[in-house]
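Only the coordinates and a few stated rules stand behind these numbers; no lab work does. Keep in mind the model is a prediction, meaning the values are calculated, not measured. Cβ atoms come from the backbone with ideal geometry, glycine included; neighbour counts cover every protein chain shown.
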Amino acid sequence: MPYINVRLTRKDITTEQKAQIVREITATMQSVLGKKPESVHVVIDEIEPENWGYAGELTSEHRKRQG
């Protein structure tokens, strides 16, 4: 039972995009590893930008500077 966890910062991600992510990850597990689609679990965690940091700063601050 593959379990795939996708973590993204919240920002304009539509339900349709999430569905595409799940479909394509499932298809990859099927084509590469031969997994049955019904055995593949994909969880999308959306993280607030102020709760994610990289390169020494919060994502929310980085986005403000980028405009």
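Rg and Dmax, both from the Cα atoms of the chain and both in Å, are 15.1, 44. Remark: the Lys18-Leu33 segment gains 3.2 nm on full extension, using 0.36 nm per residue and subtracting the alpha carbon distance. Just how far, in whole angstrom, is the range 50-67 from the range 3-21 if you go by their alpha carbon centroids? Here the answer is 19 Å between Cα centres. Spin-label model, Val43/Arg7: points 7 Å from Cα along the beta carbon direction are separated by 1.2 nm.
For the chain, relative contact order (Cα pairs under 8 Å, six or more residues apart, normalised by length) works out to 41 percent.
In a simple Cβ point-charge model (Lys, Arg +1; Asp, Glu -1; nothing else charged), the chain has a dipole of about 160 debye relative to its Cα centre.
State the antiparallel share, in %, of DSSP beta bridges confined to the range 3-66, rounding to the nearest 5.
On the way: 2 of 9 bridges.
Taking every DSSP beta bridge with both residues in the range 3-66, the antiparallel ones total about 20 percent.
Selection among Gly34, Gln66, Tyr3 by position relative to the dipole of the chain gives Gly34 as farthest towards the positive end (Cβ unit charges, Cα centre). Within the shell defined by Cβ-Cβ distances under 13 Å, the residues around Val42 carry a net charge of +1, with Lys and Arg each +1 and Asp and Glu each -1.
Helix 15-33 and the long axis of the chain differ in direction by around 50°, with both axes built from C-alpha atoms.
Only lysine pairs 8 or more places apart, or on different chains, with alpha-carbon atoms under 25 angstrom apart are counted in the chain, and they number 4. Computed over the chain with a Gaussian network model linking Cα atoms closer than 10 Å, the most mobile of Ala27, Ala19, Ala55 is Ala55.
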